[in-house]
């Protein structure tokens, strides 16, 4: 277990004072992001597995402001988030030691649990997950239970690191991540409206999508800001769900790295990533390819312009009636 | 004991719906939720709903009053209470226990008349469990998931749905349904097997350390810091929890006045109980501690030792960072002998 | 508790005829927070203003809403009124119920309802208004004049005479502009050079004037009182400080085939040249497109003959950055290109010329030494046809301009008169639509051309000009005679429309000054502020604002100078208090706002903050320089947390207006 | 908005102070008519328009929202309308993606000299929204 050993090495050598990683839970899938302060702690409960889905980037905002150096393990996705947050001056780069970890995809615990009811433990054996359940052993194909974001992985490249465990991967321009967006665009406006009503009406405004989102790291969110008069707490009217999700997607447009955390954590399984991907796709098409978090210098499309940009009248969210 | 063949469930639901509006757990786009029955709505295969049955008695948003301004006058209009009967089918044992917990809050004086009206107008048909998931830990609260109560108890075997009335309301209800007679013995084996599975559930919690005497010790426990470290401060646990009952009262400015409504709130939120002097619990650690202290210590202290958790496991499944009451209880409770 | 006063203006009948002002006042009087609502015939009159002042004092008003004409008209007036009564002038909102209500709607009921809604929106906004105090920023006591034609020269002289430093930036190698190319001027027929060149010399010798010829403005930053301007000094390959203007190089240069721009290409000159004899500065420059040395590295004649060693083939463009308190645009005009007017045979026959080319052909310093000879065979033309309005007043065919070029009627009369005076054997015909002569002594001048000089004026247009056997067959129409005259002319002169110099477009962008659809600079107000651009600190001089003749140009140049002097004589100017302001508690320090700020008004600072848990933390937060911020609000939308807000147009204020309108 | 029992669209027009608000004033000066449904909110520049305001307007019962600003290249603040153009393009695309009628939102560049254009645009927009009918998809039903 390379990752765990690296964590132990970093702590015991005194190179870092803390390590940000994932902690063993009750079962195989309920890993919790945690800060480890000693090699013993790591030894006892540090876990890295395809079930370590949580993106740790956002925690670095607070961790990098504490005393001492904190090490973090970054999957490719997470590295984009970290670099974006460095770009926005949110993470203090000098206080973090970044260890890149190649990734072959993370598992959707809900999908896994559906395929293995009563799941208690899991082992990986060459692309197959061998599951212990309350109702006996069950074998599940890893590729069948990957999170959506991993099925359409945009990049296996780790864009920022101080050290790399294994080989760095490549961007995947062949990713089909926009296919679902296109599918919705091909619906009629009425069908699109019906689709999103169906999805968004399940929203319970638990704010998990926002609070997990590395781009949503505002000191105070406009939707919590009573002074601004834009706060709202629960979807008292269906307008509010739309209001919240449209504005949230707009606020992260050009900053969203498409890490997929919003959809991963949604308790109601709303495909929120589609909103972000719509913006990404539009920006790519209208203003040129842009990947948030890919570098620290480029100007995001929302903070840039060209004299010959298209007119808003050309804006199309999909097929017209 | 009455029964109906499994294949005739649609017929049963239609008949139930004839007597009063029927709600049952059904799949909505892959997510199980209590749904108003209509032709074509079928019972979910899933063990439980994402949102609990609490929603039907304490909805996420509820209008309390309307204030209408006309010229210089303000007219106050009280919001309507539930005045029609309704039936909730498929309540699991855990959710049923949550009603008891909520009753102790909302039906204590001063009574919450909105909640009370809904409770009075509802008939509850529980559904016994025989295939719990690994996240279930109702046994820790002495809940018999294989034999819940309610007005009527339903048992879904391989072939039939067996129904047993527990109250007069339940008796009256069953009398109106196209059921055949059955015997208790028909479900005995089913129940035995269910209980065997329930006994083997992986989460075994010993909650004996959570007592009023240890309140301050638990409150000041150093483990709150690491436990709450990863908490995002979202409201997922709160909103899927069948026993969380906090709400905020807010005013919405309408065209010609103000709509006063209440909506669920979460003690995990940074703006929870925000006052002019600020948030009484300034950091996430304090908010996090509040939620679990309330469930495991404060509520039982005020309510004859009843924990305000029912072991439904929803928070175990839904917390974005997989922190939950089981991890908290094991961490804090584990040291009671030390 | 708010105590708002609402004042509804009748504007005579301008508002009251369409809006039931009494009903508006009565309805708005019932709005929460409103303690007084009244109407009055003229709110902007002295007694109207007194009424507002008294009401503020007597009713202890905390906010004032005036339902009247556009805030662009009287907001400043009423702010002063409010201030006189001791209330902060920014606790005032104006509901525009004239331009945007009574004047555009006919139905009284509809207009009244809309006026009420606009009033409500203003009340909702004023309730959230905060008292604002304008800051001050210093004034750099130097002006920049862009363009060194007669407009720019006159503006510069007037400003300099008042004691302020002025820089003239001229893109050509000499100042003088179009006027230097003219022969005589109407209606006095005095020589253009005789009246212009002394002014050019005055400018050159003025201790407060600095001429930056062969230079262009490259970037403009800053704002009124302290503009930062980057000026590109183009390489002339001649050291301006060494060149004595002796002209030896311009005689010895072996490259003789360079079209002479001063004579509009009617003759040639050398690759190294002094634009004309009275050029200021009188310094040679090399045209790199023609210089053999610069193109092939072989030649170097000029360098050899120059006795002072002024030639420098390695010279590069340099950039200078200078600060100015005010900027005057005096970029002038040019005749339009006649490419699209094939029917007039311009370009097909050298004997079809523009009026400006005719000026050169008649000028003693021109290609023909002042003798009128036609370009093709250098013979004396016996029949000359003038065609008026070529491209003026006709937008319909997609080739011309919608406006009247204003100067053509007069200079054509001048040309006709001069030709008949000098060459009485020449017949002159003028085809015209109208003859426009509003100006002192203008009509008299025109009538002299017709009556004393026998110029044939023909009302009608020219359909076609066909070169044929050394003649130009002009086919026109005589509307009065109802005939289609055909004239075999020796020379045809086209009165080409004039248009703004093309450099004005990019300059307007740099200056953030607005332009009209014809690329003339727009005035801050067409009647009341005709020499100011809407951008503070930018003034307009000459034909860049619209077609005008020399006296008008000089008059406007003086007016612009007066405005500049007024500005530069102040030590400070009052800033717009409606600027962006960050809420540091909410600021993430992400730099989004900084990236969209066109003025560089936003910087960041690490500051210590008390956190909710009573610890302190160092956070990076945005800071706005209120003197630099112009209040556009781009940052407020770039900011995801809403930490950046705009005073006077805050998020809450705009949303309150939205709510009031949609309610 | 209900007027005498009949539905009338509510149109919110955000106009930049320097060009479009002045253009709207010129419409008045020239006495060119457009429907009273249009209510103008003055903002300093088109780049001041926060998508929050647009959604707020729809939530509160607006049936159409239009932004008018200086022509690209003519912004009083040099670049404001370029940012506004990108923001609105993306926002409108997103609203359309969500199935909100594309025609409910519009951006028009109206200079201070284009009083006639302002009237023509408003006449056209009101006509378009009237055909489209009431905004149901993006309204807060509490504001009924």
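Here are a few things to note about the model shown:
- Cα Rg, Dmax, the range C:248-305, angstrom units: 11.0, 32
- Value at 222 nm in deg cm²/dmol, rounded to 500, when DSSP H runs of n ≥ 4 in chain A each add -39,500 (n - 2.57): -9000 deg cm²/dmol
- Direction-averaged projected area, Cα convex hull, chain C: 38.3 nm², rounded to one decimal.
- For the range C:575-627 versus the range A:234-296, the inter-centroid distance based on Cα atoms is 26 Å.
- Applying D = kT/(6 pi eta Rh) to the range A:30-99, where Rh is the Kirkwood radius over alpha-carbon pairs, T corresponds to 4 °C and eta to 1.567 mPa s, the Stokes-Einstein value obtained is 102 µm²/s.
- Each listed q (0.14, 0.18, 0.20, 0.23 Å⁻¹) maps to a log10 I(q)/I(0) for the range C:346-449, found by the Debye formula over equal Cα scatterers with no solvent: -0.60, -0.96, -1.13, -1.34.
- C-alpha long axis of helix A:273-287 to longest principal axis of chain A, angle in °: 60
- Two-site FRET efficiency, residue C:188 against residue D:127, from Cβ-Cβ distance with R₀ of 60 Å, rounded to 0.05: 0.55
- Extents of the range C:580-647, largest first, come to 37, 19, 19 Å (Cα atoms, principal axes, whole angstrom).
- For chain B, built as a Gaussian network whose Cα springs stay under 10 Å, the top-fluctuating residue of B:27, B:256, B:248: B:256
- For the residues of A:253-259, the average number of beta carbons from a partner chain within 10 Å of their own beta carbon is 2.
- The long axis of helix A:2-12 is offset from the longest Cα principal axis of chain A by roughly 70 degrees.
- Residue-averaged 222 nm ellipticity for chain B, from DSSP H runs of 4+ at -39500 (n - 2.57), nearest 500: -7500 deg cm²/dmol
- Distance from the range B:122-192 to the range C:313-346 (C-alpha centre basis), Å: 91
- Tail fraction, Cα-Cα pairs, chain B, threshold 27 Å, whole percent: 50
- All Cα pairs of the protein assembly as shown, percent lying beyond 60 Å: 34
- Averaged over peptide A:184-192, the number of partner chain Cβ atoms lying within 10 Å of each residue's Cβ comes to 3.
- Fraction of antiparallel bridges per DSSP, chain D only, in percent to nearest 5: 10
- Our note on the geometry: Cα centres of the range C:1-48 and the range C:105-162, 24 Å apart.
- Residues C:114, B:192 arranged by fewest to most Cβ contacts within 10 Å: B:192, C:114
- FRET efficiency, residue C:58 to residue A:226 (Cβ-Cβ, R0 35 Å, nearest 0.05): 0.45
- Cβ crowding within 10 Å ranks B:151, B:181 as B:181, B:151, fewest other Cβ atoms first.
- The ranking of A:167, C:53 from fewest to most other beta carbons within 10 Å of each one's beta carbon is A:167, C:53.
- Antiparallel beta bridges, as assigned by DSSP with both residues in the protein assembly as shown, represent about 55 percent of the total such bridges.
- Taking all Cα pairs closer than 8 Å and separated by 6 or more residues, the relative contact order of the range C:248-305 comes to 35 percent.
- Mean Cα-pair separation over length for the range C:366-467, i.e. relative contact order, pairs under 8 Å, 6 or more apart, %: 26
- Relative contact order (percent, whole number), the range C:35-88, Cα cutoff 8 Å, 6+ residue spacing: 43
- 0 to 90° range, to nearest 10: angle between helix C:192-205 axis and chain C longest Cα axis: 60
- Helix content alone sets the calculated 222 nm mean residue ellipticity of chain C: runs of n ≥ 4 DSSP H residues at -39500 (n - 2.57) each, divided across all residues, give -8000 deg cm²/dmol.
Taken together, the values in this text are just the output of simple stated rules run on the coordinates, not laboratory data. As the structure is a prediction and not an experimental result, all values here were calculated from the model. Cβ coordinates were reconstructed from backbone atoms using ideal geometry, including for glycine residues, and neighbour counts include every protein chain displayed.
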